[in-house]
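Note sheet for the following structure.
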Amino acid sequence: MKSKKVLEIFDALFCFCYSLRMYSFSFLIFMIIMVISTSSTSIFSINQTWVADKAGELIKKEDISYLKKSAPRDYYLIDREVPALKNIEDTDVYEVNPSFNEYSEELDVIKQDIRESRYSSALSALDLLIEKIRTNQRSVIEKYFPAEFNGFEIWDYSMRLGEFASQEDNYGVLFSRRYKNSQDHVIDINVVFSDPSILEYVNLIKNPKLVNRLENTEIAKIKNKYYALEKYSEEEMYCEKNIVVNNDLLLNVVANGIRDKAVIDVFISLIQIEKIEKYMAK
């Protein structure tokens, strides 16, 4: 009976303080109750369920916005604008773009050089940044090609100069790789982006009559999705396929020393063209 009486007194005091907007004091009362209720030596044996109910009442009050405005932040019991914990994992709001953070330091240096009219220094830093971005692009794109194939191994990672107009500009050949086997047969690949030559291949594919006039050349279908302009000579053991992924992206595959064209078809089937297209669309 004594503990019940004390409980009623605490309850009345709690409600009175809250009704007078004495939030700091009511919160203090609440904490005293919590300490008493959780103590194993408490002579009052206050029901912990009642304490939890009081916490729920305080949180669910309609004037919680008033509490947020009038009390220091340390006294907030809940922020209704914070999403439930289970929803945070389902959103991308909290994801940080690693690419931007990786380049932010270089960008800050370039902007500072421009502000201080150090244009030569800014251009030099910009060239280094462009090369860093290209290196990172190549490190991603290379994952979409096989590491080895039917006795062919990666022979040269370096950028190889080809016939694409903008190979020395910001676009053109983004990635190049050579495969070589023990017989010195070679497969070269180039990933070409935003180069004028791509539209030339697109126009040829759209006009098959023009292709018919070209020697040893025909239009081929790749993975039942992409079209390619294929040039093949069994006598010369030469096969080249220019796969038009879209108007901005082309995959150039050239094989020398391989008589059977089917070998190249199998090699191309191992290239993850869809993933390259998705990556370059970002």
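A short reminder: the numbers here are calculations on the coordinates, not readings from a lab. The structure presented is a predicted model; accordingly, all values stated were derived computationally and were not measured. When we count neighbours, we look across all protein chains shown, and the Cβ atoms used for this are built from the backbone with ideal geometry, even at glycine.
Values computed for the structure shown
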{"item": "Check: the stretch 147-280 dipole with +1 on Lys, Arg Cβ and -1 on Asp, Glu Cβ, in debye", "result": "480 debye"}
{"item": "For peptides 211-219, 135-143, sequence by mean Cβ density within 10 Å, most packed first", "result": "135-143, 211-219"}
{"item": "Global form of the stretch 220-266, assessed from the alpha-carbon gyration tensor, a/c cut-off 1.5", "result": "prolate"}
{"item": "Rounded, prolate or oblate (a/c below 1.5 giving rounded, otherwise prolate when a/b exceeds b/c) for the stretch 181-282 by Cα gyration tensor", "result": "oblate"}
{"item": "HN-Hα J in Hz across the stretch 266-278 - Karplus 6.51, -1.76, 1.60, θ = phi - 60°, x for Gly and Pro", "result": "5, 4, 5, 5, 8, 7, 8, 4, 4, 6, 5, 4, 5"}
